Amino acid sequence: MTFDRIRVLADGLAEEVPDLRCLLESVQKSSGSRRRLRRLALRAANDSKEASLVRTLRDQLSPYTVNVPSHLRGLSLAERWDRVLATSEEQYHHYMLEVELVNRLNAATFSRCEMRLAFLPHCLHDQSVTCKSVVRGEDHMCKGCSKMCVLNAVSKLLRRHRVTPYIWMTANLRSLLRRLHKEGKTVAVLGIACVPELVRGMRTCMHAGVPVMGLPLDANRCARWWGRFYPNSANLQELERLLLKSEQFDDC
Ligand code: SF4
């Protein structure tokens, strides 16, 4: 399981660098340059900590990113300028670790915020039915029209944990967070998305000082990657684990 592997990797790194924020910053910095990461991955003679992390992540996580090289080869010249679409395999590995580190950093504060909002990708809806979601509050909300729909199951789980689930269609995250901050509300965000989009959203929240947690989708299957939508899924057990972990701190 990818999640277990990433947890073990993060545990090992946290023993070496107990300051999680410091560790997160170095992982984020490393992930900035695709070319540099590739060079570090290929130069076995480079025994710096950064290079050895790149290689460890590749060894542990590459079974989960086997389709990335062929996806990158298939990009048009224009698409290669799109930083999300052109995310390299090494960047994926760093981003997966980044999500885990941010989740650890924010678990305690997440459940203490008075507003906890989740933004879910519309690609998870049951494509065999016409989605009956409605605009309510900050964005669209699931009306539970299909028992087979992943968004339905995810929304129910989130509500049980006192998180308000929105299907992310129209909300502008930056301006929403600014407005809620001005209204004096303490707000936390949970995102579910493909790895590169998730990291972008989580960074936006972190920059706004908002406790954020995230769950990567099981795969990238949306139209941006494939030209059309394919059914996708999210790991409900991992989602519940994340929420329970955060709630553990409620009594502290
Ligand atoms: S269950 Fe919810 S998200 Fe799924 S198709 Fe129906 S309204 Fe849309």
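Bridges between two residues of the chain, per DSSP, are antiparallel at a rate of about 20%.
Taking every DSSP helix (H) stretch of at least 4 residues in the chain, weighting each as -39,500 (n - 2.57) and dividing the sum by the residue count yields a mean residue ellipticity at 222 nm of -15500 deg cm²/dmol.
In this structure R80 has an accessible area near 110 Å², from a 1.4 Å probe over the protein heavy atoms. Computed from backbone phi, the HN-Hα couplings of segment 161-169 come to 9, 6, 10, 8, x, 10, 7, 7, 10 Hz, rounded to whole numbers (Karplus: 6.51 cos²θ - 1.76 cosθ + 1.60, θ = phi - 60°; Gly and Pro given as x). For the chain, the solvent-accessible area of protein heavy atoms averages 54 Å² per residue (probe radius 1.4 Å; ligands and nucleic acids excluded). Each residue was assigned an accessible area with a 1.4 Å probe, and for K245 the value is about 110 Å².
Can you pull the percent of the chain's accessible area that's carbon plus sulfur, 1.4 Å probe, other chains left in place? So the carbon and sulfur contribution to the accessible surface is 53 percent.
Amide H of M213 versus every other amide H placed in the peptide plane: which residues, excluding those fewer than 5 positions away on the same chain, fall under 5 Å? Amide H to amide H, under 5 Å and 5 or more residues apart or across chains, M213 pairs with V189, L190, G191. Over segment 113-252, what is the mean sequence separation of C-alpha contacts under 8 Å (at least six apart), divided by residue count, expressed as relative contact order in percent? Dividing the mean separation by the residue count of segment 113-252 yields 25 percent.
Taking a cut-off of 23 Å, what percent of all Cα-Cα pairs in segment 113-252 are separated by more than that? It works out to 32 percent of all Cα pairs.
Helix 49-61 and the longest principal axis of the Cα set of the chain meet at an angle near 60°. Picking from V163, L198, C131, whose Cα lies most toward the positive end of the charge dipole for segment 113-252 (charges on Cβ: Lys, Arg +1; Asp, Glu -1)? Of the options given, the answer is C131. Among beta bridges identified by DSSP and lying wholly in segment 66-180, the antiparallel ones come to about 45 percent.
Each Cα pair under 8 Å and six or more residues apart adds its sequence gap; the mean of these over the residue count of segment 1-95 is a relative contact order of 33 percent. The count of lysine pairs in the chain whose Cα atoms are under 14 Å apart, excluding pairs fewer than 8 places apart on the same chain, comes to 5. In the elastic network of the chain, a GNM with C-alpha springs shorter than 10 Å, the most mobile of N152, N67, N106 is N67.
Mean sequence separation of contacting Cα pairs (under 8 Å, at least six apart), scaled by the length of the chain, corresponds to a relative contact order of 19 percent. The modelled label-to-label distance between R112 and W226, using points 7 Å beyond Cα along the C-beta direction, is 4.2 nm. At the residue level, I192 shows approximately 10 square angstrom of accessible surface with a 1.4 angstrom probe and all protein chains present.
Counting only protein chain heavy atoms and rolling a 1.4 Å probe, the accessible areas of M148, M169 rank, largest first, as M148, M169.
Name the most mobile residue of E79, E50, E240, meaning the one with the largest mean-square fluctuation, in a Gaussian network model of the chain with Cα contacts below 10 Å. Result: E79 has the largest fluctuation of those listed. Within the chain, the percentage of alpha carbon pairs spaced more than 31 angstrom apart rounds to 25%.
For the chain, modelled as a GNM whose springs connect Cα atoms under 10 angstrom apart, the maximal fluctuation among P211, P63, P231 occurs at P63.
The values are calculated or read from the model by the stated rules, or taken from the named source; none is laboratory data. If you're wondering where the values come from, they're calculated on a predicted model, not measured in any experiment. Please note: Cβ atoms are built from the backbone with ideal geometry, for glycine as well, and neighbour counts cover all protein chains shown. Surface areas here come from the heavy atoms of the whole protein model, side chains and all, with no ligands, DNA or RNA. Shrake-Rupley method; radii C 1.70, N 1.55, O 1.52, S 1.80 Å.
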